[in-house]
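*Asks:* Take a look at this one; I'll ask things after.
The values are calculated or read from the model by the stated rules, or taken from the named source; none is laboratory data. The structure displayed is predicted, hence computed values, not measured ones. Please note: Cβ atoms are built from the backbone with ideal geometry, for glycine as well, and neighbour counts cover all protein chains shown.
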Amino acid sequence: MIAAMDIQVTKTERSKLQDIDLENLPFGKYFTDHMLEAEYENGKWTNVEIKPYQPLLLEPSLAALHYGQAIFEGIKAYKDEEGNAFIFRPYDNFRRFNISAERMDMPEVPEEIFIEGMRRLIELDKKWIPAKKEHSLYIRPFMFSTDTMLGVRPSSKYKFLIILSPTGPYFPKPMNIYVEERYTRAAPGGVGFAKNAGNYGGSMLAATEAQKQGYDQVLWTDASEHKWLQEVGMMNVFFIIDHTAITPSLEEETILNGVTRNSVITILKEMDIPVEERRINIDEVIKAHKEGRLQEVFGTGTAATVAMIQKLKYRDYVMEFGEKDWTLSAEIKKKLNGIRQGKSPDTHHWMFPV
Ligand SMILES: *Cc1c(COP(=O)(O)O)cnc(C)c1O
């Protein structure tokens with residue numbers, strides 16, 4: 001148990017739940033009745049509050065808006081058939097959040113606020129967790145700098161918040177992807193391993209250009225040769241070659257250490273599929289495809305779980321995949337969703353009770 005923290009709770013007078021159609025939930029559009037807010041000042045966290053979801057009043061000189069110290073997380077909570085609520089691997093996101101904070105020169109958020117605050121917030125808004133199949137409650141913890149002066153230096157004040165959004169099933173269409181050779185998402189020494197807002201801002205144009213050409217997203221490559229594969233859009237990427245799963249390794253610090261990536265690696269190993277975490281370049285992928293050894297390519301992330309890839313293009317060379325190829329990815333997705341929905345045994349203790 002975590003030491004009880006002084007969290008002040010103010011409940012809403014009127015729940016918005018009755019205004020929302022829980023059968024039709026676009027991702028990230030609706031927010032629950034309450035949110036958590038905490039402030040960092042004079043070297044410590046204070047004013048930890050759960051209160052009605054409401055706008056923030058911010059000064060135009062707010063440091064985060066100018067210099068981008070802003071990080072976030074994405075987590076999901078589920079309800080089982082008996083109505084018990086569980087959060088999927090929140091401690092992994094908690095650790096990663098503080099790794100992002102360290103890289104962005106921001107303060108650590110303690111467990112009593114991140115985990116216990118999240119648990120109490122979800123407990124209060126439990127009726128917002130959709131009970132329907134494939135539905136979940138998306139949890140968005142985030143932190144940003146709040147000094148109000150334009151001098152360039154790490155802020156001395158920060159805000160940490162958690163907001164919750166009920167979400168419907170996410171049935172991603174199989175993606176069309178090309179290998180990006182112009183723009184770079186992350187370079188060694190940079191911030192690619194941190195879940196900071198700027199990584200998303202910097203990737204939008206590449207996705208927009210891909211969409212203009214009839215593609216959904218890009219496969220990011222390294223900054224110097226544009227050959228070494230990193231991630232697909234904002235997801236980790238897996239290649240199945242000769243019945244072995246290969247995913248880019250983390251040691252160059254250009255790749256986000258995905259909780260889904262980690263869960264998929266565990267599930268693959270349990271299925272006796274060899275997993276290699278290592279550098280992989282596009283030439284190896286193309287060679288395997290030409291020799292008929294490239295079986296599947298897929299992305300992994302909290303929102304989609306596993307996203308199949310139907311078309312992968314490098315310059316003029318196009319690789320295509322279809323329903324009959326997506327055997328392993330479909331099986332992993334089913335296994336992972338089974339655990340998350342409480343239908344398969346949770347042998348790894350991934351489901352944290354609320
Ligand atoms: C969040 C994110 C992922 C996926 O991480 P999960 O923990 O699996 O949701 C992958 N890549 C990037 C760049 C991300 O921001």
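*Asks:* I'd like the residue in region 202-261 that is hydroxyl-bearing (Ser, Thr, Tyr) and either in a helix (DSSP H, G or I) or in contact with a Ser or Thr (Cβ under 7 Å, 6 or more places away or on another chain) (or both) and, out of all such residues, is farthest from the ligand (Cβ to nearest atom). Spell out the reasoning first.
*Replies:* From region 202-261, those hydroxyl-bearing (Ser, Thr, Tyr) are 203, 208, 215, 221, 224, 244, 247, 249, 254, 260; that's our starting set.
Subsequent filtering for residues that are either in a helix (DSSP H, G or I) or in contact with a Ser or Thr (Cβ under 7 Å, 6 or more places away or on another chain) (or both) retains 208, 260.
Values: 208: 17, 260: 3 Å.
That would be 208.
*Asks:* With respect to residue 283, determine if the residue is under 19 Å from residue 248 (Cα atoms), surrounded by fewer than 18 Cβ atoms within 10 Å (Cβ to Cβ) and away from the ligand (no atom under 16 Å from the Cβ). Break it down stepwise before answering.
*Replies:* On the way: under 19 Å from residue 248 (Cα atoms): yes; surrounded by fewer than 18 Cβ atoms within 10 Å (Cβ to Cβ): yes; away from the ligand (no atom under 16 Å from the Cβ): yes.
So residue 283 passes the test.
*Asks:* In region 287-334, how many residues are of a type outside the set (A, V, I, L, M, F, W, C) and assigned to a strand (DSSP E or B)?
*Replies:* From region 287-334, those of a type outside the set (A, V, I, L, M, F, W, C) are 287, 289-293, 295-296, 299-302, 305, 310-311, 313-317, 320, 322-325, 327, 329, 331, 333-334; that's our starting set.
If we keep only those that are assigned to a strand (DSSP E or B) as well, we get 295-296, 299-301, 305, 310-311, 313-314, 317, 320.
Residues meeting the conditions: 12.
*Asks:* Next question. Here is a check on your reading of the model: is residue 275 touching a strand residue (DSSP E or B) at 6+ places or on another chain (Cβ under 6 Å), of a type in the set (A, V, I, L, M) and buried (at least 20 other Cβ atoms within 10 Å of the Cβ)?
*Replies:* On the way: touching a strand residue (DSSP E or B) at 6+ places or on another chain (Cβ under 6 Å): yes; of a type in the set (A, V, I, L, M): yes; buried (at least 20 other Cβ atoms within 10 Å of the Cβ): no.
It is false that residue 275 is touching a strand residue (DSSP E or B) at 6+ places or on another chain (Cβ under 6 Å), of a type in the set (A, V, I, L, M) and buried (at least 20 other Cβ atoms within 10 Å of the Cβ).
*Asks:* Would you be able to say whether some residue in region 235-244 is surrounded by 16 or more Cβ atoms within 10 Å (Cβ to Cβ) and either of a type in the set (Ser, Thr, Tyr) or outside the structural domain of residue 329 (by TED's automatic domain parsing) (or both)?
*Replies:* Step one: filter region 235-244 for residues surrounded by 16 or more Cβ atoms within 10 Å (Cβ to Cβ), giving 235-241.
Now drop any that are not either of a type in the set (Ser, Thr, Tyr) or outside the structural domain of residue 329 (by TED's automatic domain parsing) (or both), which leaves none.
No, the conditions are met nowhere in region 235-244.
*Asks:* Filter region 286-311 down to residues that are more than 13 Å from the ligand (Cβ to nearest atom) and hydrophobic (A, V, I, L, M, F, W, C), then give me how many there are. Let's see the steps before the verdict.
*Replies:* Here is the first cut: in region 286-311, the residues more than 13 Å from the ligand (Cβ to nearest atom) are 286-297, 308-311.
Narrowing the set further to residues that are hydrophobic (A, V, I, L, M, F, W, C) leaves 286, 288, 294, 297, 308-309.
The qualifying residues number 6.
*Asks:* Can you name every residue in region 41-61 that is within 11 Å of residue 159 (Cβ to Cβ) and in a loop (DSSP other than H, G, I, E, B)?
*Replies:* Residues satisfying the conditions are 56, 58.
*Asks:* Now, a different point. On the basis of being in contact (Cβ under 8 Å) with a residue 12 or more places away in the chain and within 24 Å of residue 42 (Cα to Cα), does residue 134 make the cut?
*Replies:* Working: in contact (Cβ under 8 Å) with a residue 12 or more places away in the chain: yes; within 24 Å of residue 42 (Cα to Cα): no.
Judged against the criteria, residue 134 is not a match.
*Asks:* Would region 104-122 turn up any residue that is surrounded by fewer than 18 Cβ atoms within 10 Å (Cβ to Cβ), within 21 Å of the chain's Cα centre (by Cα) and under 21 Å from residue 234 (Cβ atoms)?
*Replies:* Checked region 104-122: no residue is surrounded by fewer than 18 Cβ atoms within 10 Å (Cβ to Cβ), within 21 Å of the chain's Cα centre (by Cα) and under 21 Å from residue 234 (Cβ atoms).
*Asks:* Please give the number of the condition residue 152 fails out of (1) away from the ligand (no atom under 16 Å from the Cβ); (2) modelled with pLDDT of 95 or more; (3) not acidic (Asp, Glu).
*Replies:* (2)
*Asks:* Answer yes if at least one residue in region 187-201 is among the hydroxyl-bearing types (Ser, Thr, Tyr) and touching a Phe, Trp or Tyr at 6+ places or on another chain (Cβ under 6 Å), and no otherwise.
*Replies:* First, pick out the residues of region 187-201 that are among the hydroxyl-bearing types (Ser, Thr, Tyr): 200.
Narrowing the set further to residues that are touching a Phe, Trp or Tyr at 6+ places or on another chain (Cβ under 6 Å) leaves none.
No, that holds for no residue.
*Asks:* What pairs come out if I take residues in region 77-94 that are part of a loop (DSSP other than H, G, I, E, B) and pair them with residues that are surrounded by fewer than 22 Cβ atoms within 10 Å (Cβ to Cβ) and modelled with pLDDT of 95 or more whose C-beta lies under 6 Å away, six or more apart or interchain?
*Replies:* Note: pairs meeting the criteria are 89/350.
*Asks:* Restricted to region 162-182, and to residues that are in a loop (DSSP other than H, G, I, E, B) and touching a Leu at 6+ places or on another chain (Cβ under 7 Å), which residue is modelled with the highest pLDDT? Can you show your working first?
*Replies:* Filtering region 162-182 for residues in a loop (DSSP other than H, G, I, E, B) gives 168-174, 180-182.
Checking the rest, the ones that are also touching a Leu at 6+ places or on another chain (Cβ under 7 Å) come to 168, 180.
On the way: 168: 86, 180: 98.
The residue in question is 180.
*Asks:* Next question, about the same structure. Out of all the residues in region 98-107, which are away from the ligand (no atom under 11 Å from the Cβ) and part of a helix (DSSP H, G or I)? Break it down into steps so the answer makes sense when it comes.
*Replies:* Within region 98-107, the subset away from the ligand (no atom under 11 Å from the Cβ) is 98-99, 101-107.
Within region 98-107, 98, 99, 101, 102, 103 meet the criteria.
*Asks:* Which residue pairs have Cβ atoms closer than 6 Å, lie 6 or more positions apart in sequence or on different chains, and pair a first residue in region 185-196 that is outside the structural domain of residue 103 (by TED's automatic domain parsing) and within 11 Å of the ligand (Cβ to nearest atom) with a second residue that is of a type in the set (Val, Ile, Thr) and part of a loop (DSSP other than H, G, I, E, B)?
*Replies:* What qualifies is 186/254; 192/254.
*Asks:* Also: So in region 74-97, with the set limited to residues that are within 16 Å of the ligand (Cβ to nearest atom) and small (Gly, Ala, Ser), which one is farthest from residue 152 (Cα to Cα)? Can you show your working first?
*Replies:* Just the residues of region 74-97 that are within 16 Å of the ligand (Cβ to nearest atom), to begin with: 74-78, 87-97.
The next check asks that each one be small (Gly, Ala, Ser); those that pass are 74, 77.
Details: 74: 29, 77: 38 Å.
Among them, the one singled out is 77.
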